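**Q** Before anything else, here's the structure in question.
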């Protein structure tokens, strides 16, 4: 691939900037974002604090004070670091061999864990069993993590079970699996949330004591498999 | 609500773990500097009404940021000064005089277990700081280093040491918050853009360490595109669907999808962090160069203060 798709760079603070590839949920653009993210993880630009990938953008936080000391006078740190990133973006990228993990997540879709599945089934005029079959037969991509520690945004949900989020956030239990538009996701911890909850996983999506506290990472591929209440309890 | 904080937990936002850290990072750093610590050392961030502290060993402390009318064993002590405290002293806070958050540092630092390289309390992850939670009655916080300060105190209950920090950066134009224009600034209608500068905005009760909900004349966007989530920052000013604004603060989520109208410059984060519900302020735009220069100046000021305090403390401990 010669260079990267069209992008824009703009500040989101006086010490952070975003490279935006186009405000879109698209697998190949997300691959591009993660490719650049991994490159910067391995070879950080001097003065970089961290990089944060999202659906179609990568944000770089940097240390103003450290950079100011090491870059030529007469340019802002922002202009200098933008130029460095521009150089990186112009190098050819090889994203065909993206290494991804396939992870199976057990989900119990039974009513006590799925407060919104009934309403979804009525609204979409599809039997509850069919909602479960559709949700658990897809393969999803982890596009990004955000909102809560370890919360992953998965796409894309089958058109037949797409529902919009709730107007007001409600209390959601840890492990709850929700749908919002064409996204599906899992709440790693109890939290107020607006997604329509259709099941719950017994897996721990977030464990502060682990070296990698978040179970999933951007780029992972996810399958859901339906389990019974008994199986849930014995996990 | 009192928690242990430092300058934040960086390197984990890709996993949804936000940096957190002190709301007023300048005051947190100054507290450490006054007692001879590195600026990255953990401190206790206090909100009024604040906890009272019983010292089980002598200590050298400093209180910065908000003025909560502190006393040691009933006697008033000043902020922005290092204070030697004898064993069995009680530190109390009586009245919120100004500011929103006070910072308490102890010489040698607090004996916290860092989580992902930071001692900041992450309440949602229930990790970092003191057991990952807000401080409660009867908690015992260890000191990281045992320093024998008894000879210095002689027989006094406490002693205010003869150096101090000034608190006046950020105090000029107190009601003004400077910002850079955000990427969706141009989505606002012309009259709304005018209102953004002319109106003052009120910090509502619905404001905390995650963000400040502001109340003002509703602003109106002429462009209304759906936005996919992307990373957001401390100081990002977002336009909510009802036309009101939210300013993201230390415990903000890592990502968001509301239009970004402005980004408060770093040197004004502390000024914001010392505001509380009921306070009002106006926005003013500045440019990247100014924001960077002000930040560099602030950091240099802190370095100078640190060198001066270190020198004085060494003299005292050696003498």
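The values are calculated or read from the model by the stated rules, or taken from the named source; none is laboratory data. Everything quoted here is computed from the prediction, not taken from an experiment. We place every Cβ from the backbone using ideal geometry, glycine too, and count neighbours over all the protein chains shown.
**Q** Consider residue B:291 carefully, then state whether it is touching a residue at least 40 places away in the same chain (Cβ under 8 Å), over 16 Å from residue B:28 (Cα atoms) and under 22 Å from the mean Cα position of the chain (by Cα).
**A** So residue B:291 passes the test.
**Q** Given the criteria within 10 Å of another protein chain (Cβ to nearest Cβ) and part of a loop (DSSP other than H, G, I, E, B), does residue B:267 qualify?
**A** no
**Q** Of all residues in the stretch B:1-50, which are closer than 26 Å to residue B:146 by Cβ, more than 10 Å from the chain's Cα centre (by Cα) and within 12 Å of another protein chain (Cβ to nearest Cβ)?
**A** Once the filter is applied, which keeps residues that are closer than 26 Å to residue B:146 by Cβ, more than 10 Å from the chain's Cα centre (by Cα) and within 12 Å of another protein chain (Cβ to nearest Cβ), the stretch B:1-50 yields only B:39.
**Q** Moving on to the next point. What do you reckon, is residue A:19 more than 14 Å from the chain's Cα centre (by Cα) and more than 8 Å from every other protein chain (Cβ to nearest Cβ)? Reasoning before the result, please.
**A** Values: more than 14 Å from the chain's Cα centre (by Cα): yes; more than 8 Å from every other protein chain (Cβ to nearest Cβ): yes.
So residue A:19 passes the test.
**Q** Moving on. Considering (1) in contact with a helix residue (DSSP H, G or I) (Cβ under 9 Å, 6 or more places away or on another chain); (2) in a loop (DSSP other than H, G, I, E, B); (3) more than 14 Å from chain B (Cβ to nearest Cβ); (4) closer than 24 Å to residue A:222 by Cα, say which one residue A:99 fails and leave the rest.
**A** In the conditions (1) in contact with a helix residue (DSSP H, G or I) (Cβ under 9 Å, 6 or more places away or on another chain); (2) in a loop (DSSP other than H, G, I, E, B); (3) more than 14 Å from chain B (Cβ to nearest Cβ); (4) closer than 24 Å to residue A:222 by Cα, residue A:99 misses (1) alone.
**Q** How about the stretch B:217-240: which of its residues are part of a loop (DSSP other than H, G, I, E, B) and within 14 Å of chain A (Cβ to nearest Cβ)?
**A** Scanning the stretch B:217-240 gives B:223, B:224, B:225, B:226, B:227, B:228, B:229, B:232, B:233, B:234, B:235, B:240.
**Q** Can you name the residue in the stretch B:117-130 that is away from chain A (no Cβ under 11 Å) and over 16 Å from the mean Cα position of the chain (by Cα) and is also surrounded by the most Cβ atoms within 10 Å (Cβ to Cβ) among such residues?
**A** That would be B:130.
**Q** Related question: Considering only the stretch A:125-212, give the strands (runs of 3 or more DSSP E) lying wholly within it that have at least 3 residues that are in contact with a helix residue (DSSP H, G or I) (Cβ under 9 Å, 6 or more places away or on another chain), modelled with pLDDT of 95 or more and within 14 Å of chain B (Cβ to nearest Cβ).
**A** Values: elements: A:139-145, A:152-155, A:170-172, A:176-180, A:183-186, A:191-193, A:196-200.
Where strands (runs of 3 or more DSSP E) fall fully within the stretch A:125-212 and carry at least 3 residues being in contact with a helix residue (DSSP H, G or I) (Cβ under 9 Å, 6 or more places away or on another chain), modelled with pLDDT of 95 or more and within 14 Å of chain B (Cβ to nearest Cβ), they are A:139-145.
**Q** Which residue out of B:214, B:202 is assigned to a strand (DSSP E or B) and under 30 Å from residue A:49 (Cβ atoms)?
**A** Result: B:214 is the single residue among B:214, B:202 that is assigned to a strand (DSSP E or B) and under 30 Å from residue A:49 (Cβ atoms).
**Q** Still on this structure, please answer the following. Taking the stretch A:56-96, which residues are under 27 Å from residue B:227 (Cβ atoms) and in contact with a helix residue (DSSP H, G or I) (Cβ under 6 Å, 6 or more places away or on another chain)?
**A** Those that are under 27 Å from residue B:227 (Cβ atoms) and in contact with a helix residue (DSSP H, G or I) (Cβ under 6 Å, 6 or more places away or on another chain): A:56, A:58, A:62, A:64, A:76, A:77, A:78, A:93, A:95.
**Q** Restricted to the stretch B:131-140, and to residues that are surrounded by 15 or more Cβ atoms within 10 Å (Cβ to Cβ) and on the phi < 0 side of the Ramachandran plot, which residue is farthest from the other protein chains (Cβ to nearest Cβ)? First the steps, then the outcome.
**A** Filtering the stretch B:131-140 down to residues surrounded by 15 or more Cβ atoms within 10 Å (Cβ to Cβ) leaves B:131-135.
Remaining after also requiring on the phi < 0 side of the Ramachandran plot: B:133-135.
On the way: B:133: 12, B:134: 16, B:135: 19 Å.
Applying the filter and picking the extreme gives B:135.
**Q** If you scan the stretch A:213-231, which residues turn out to be outside any strand (DSSP E or B) and within 28 Å of residue A:168 (Cβ to Cβ)? Lay out the reasoning, then the answer.
**A** Taking the stretch A:213-231 and keeping what is outside any strand (DSSP E or B), we get A:213, A:215-220, A:228-231.
The one that is outside any strand (DSSP E or B) and within 28 Å of residue A:168 (Cβ to Cβ): A:216.
**Q** Does residue B:280 satisfy the condition of being more than 13 Å from chain A (Cβ to nearest Cβ) and surrounded by fewer than 22 Cβ atoms within 10 Å (Cβ to Cβ)?
**A** Numbers: more than 13 Å from chain A (Cβ to nearest Cβ): yes; surrounded by fewer than 22 Cβ atoms within 10 Å (Cβ to Cβ): yes.
Against the criterion (more than 13 Å from chain A (Cβ to nearest Cβ) and surrounded by fewer than 22 Cβ atoms within 10 Å (Cβ to Cβ)), residue B:280 qualifies.
**Q** Let me ask something additional. For the stretch A:1-78, which fully contained strands (runs of 3 or more DSSP E) count at least 2 residues that are farther than 22 Å from residue A:91 by Cβ and in contact (Cβ under 8 Å) with a residue 12 or more places away in the chain?
**A** A:8-13
**Q** Would you point out the residue of the stretch B:186-216, among those that are in contact with a strand residue (DSSP E or B) (Cβ under 8 Å, 6 or more places away or on another chain) and within 14 Å of another protein chain (Cβ to nearest Cβ), that is nearest to residue A:149 (Cα to Cα)?
**A** Here the residue is B:210.
**Q** Of the residues in the stretch B:51-71, how many are under 24 Å from residue B:152 (Cα atoms), touching a helix residue (DSSP H, G or I) at 6+ places or on another chain (Cβ under 9 Å) and in contact (Cβ under 8 Å) with a residue 60 or more places away in the chain?
**A** Total satisfying the criteria: 3.
**Q** Can you name the number of the only condition in (1) in a loop (DSSP other than H, G, I, E, B); (2) within 14 Å of another protein chain (Cβ to nearest Cβ); (3) under 17 Å from the mean Cα position of the chain (by Cα); (4) over 18 Å from residue A:61 (Cβ atoms) that residue B:272 fails?
**A** Here residue B:272 meets the rest and fails (1).
**Q** Still on this structure, please answer the following. Do you know which residues across the stretch A:53-91 are under 14 Å from residue A:21 (Cβ atoms) and facing chain B (nearest Cβ under 7 Å)?
**A** A:53, A:54, A:55, A:56, A:57, A:59
**Q** Still on this structure: Tell me, which residue of the stretch A:22-52 that is closer than 27 Å to residue B:286 by Cβ and under 15 Å from the mean Cα position of the chain (by Cα) is nearest to the other protein chains (Cβ to nearest Cβ)?
**A** By that ranking, first place goes to A:52.
**Q** Also: Considering only residues that are buried (at least 21 other Cβ atoms within 10 Å of the Cβ) and more than 23 Å from the chain's Cα centre (by Cα), look in the stretch B:73-85 and name the one that is nearest to residue B:35 (Cα to Cα).
**A** B:84
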